[in-house]
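Report on the following structure.
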Amino acid sequence: MSELRLEINGRTEVVDVPNDMPLLWVLRDILGLSGTKYSCGIGACKVCTVHLDGVAVPSCVIAVGDVGPRKITTIEALGEAGSPHPVQQAFREEEVPQCGYCQPGQIMTAAALLKKHPHPTDEEIDEAMGGALCRCGTYPRIRRAIHRAARSPRG
């Protein structure tokens, strides 16, 4: 066990956990940030995606001791109910969610894509979203939502 300082959603959190504990479990089980979901546990499905300094990463394969001073952003801090992130708004407008389980990871991945490529092509979307699994198969709506978010004044 070691005491670690983490910058999460604009706040400093101090946790006393093993350095090799996956970031996902620190977020969910220690800090109660349950928006980040668990699925495969090997970083293959992107359901557990968070941002480290704005880069989308699977939190299930990042050891908390390896995070260091990087800023962590989870789905809880991406937008607010009255002021959703453009990707969140576009997901609603395109009726992307069905079961909703993959939605936090999909949204976090798409938001990182738009930060890097504000007006992505279909190919850039497919590359960035590749491996982001949706068991309901809403991939065409996800692509439309990303394009819609890119056209948003806040996108």
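The values are calculated or read from the model by the stated rules, or taken from the named source; none is laboratory data. Everything quoted here is computed from the prediction, not taken from an experiment. Heads up, the Cβs are rebuilt from the backbone with ideal geometry, glycines too, and the neighbour counts pull from every protein chain shown.
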Breaking point among (1) over 10 Å from the mean Cα position of the chain (by Cα); (2) over 20 Å from S152 (Cα atoms), for M129: (2)
Just one of G105, G79, G65, G100 is small (G, A, S) and over 19 Å from A145 (Cβ atoms); which is it? G65
Whichever residue in the stretch 109-127 is in contact (Cβ under 8 Å) with a residue 60 or more places away in the chain and of a type in the set (A, V, I, L, M) and, among such residues, is surrounded by the fewest Cβ atoms within 10 Å (Cβ to Cβ): A112
All but one of (1) touching a residue at least 12 places away in the same chain (Cβ under 8 Å); (2) more than 14 Å from the chain's Cα centre (by Cα); (3) loosely packed, with under 15 Cβ neighbours inside 10 Å hold for A149; state the number of the condition that does not hold. (3)
Could you go through the stretch 118-128 and let me know if any residue there is outside the structural domain of L33 (by TED's automatic domain parsing) and touching a Ser or Thr at 6+ places or on another chain (Cβ under 9 Å). yes
Please go through (1) buried (at least 22 other Cβ atoms within 10 Å of the Cβ); (2) modelled with pLDDT under 95 for Q98 and return the number of the only condition it doesn't satisfy. (1)
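Out of E3, E7, report the one residue that is out of contact with any Pro (no Cβ under 6 Å at 6 or more places or on another chain), in a strand (DSSP E or B), in contact (Cβ under 8 Å) with a residue 60 or more places away in the chain and among the acidic types (D, E).
From the options E3, E7, the qualifying one is E7.
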Has the stretch 98-105 got at least one residue that is over 30 Å from D16 (Cα atoms), in contact (Cβ under 8 Å) with a residue 24 or more places away in the chain and not assigned by TED's automatic domain parsing to the domain that holds D16? yes
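Check I107, I62, I75 and return the single one that is in contact with a His (Cβ under 8 Å, 6 or more places away or on another chain) and within 19 Å of G131 (Cβ to Cβ).
Going through I107, I62, I75 in turn, just one is in contact with a His (Cβ under 8 Å, 6 or more places away or on another chain) and within 19 Å of G131 (Cβ to Cβ): I107.
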The one condition in (1) in contact with a Pro (Cβ under 9 Å, 6 or more places away or on another chain); (2) farther than 21 Å from G41 by Cα; (3) surrounded by 18 or more Cβ atoms within 10 Å (Cβ to Cβ); (4) not hydrophobic (A, V, I, L, M, F, W, C) that S59 fails to fulfil: (2)
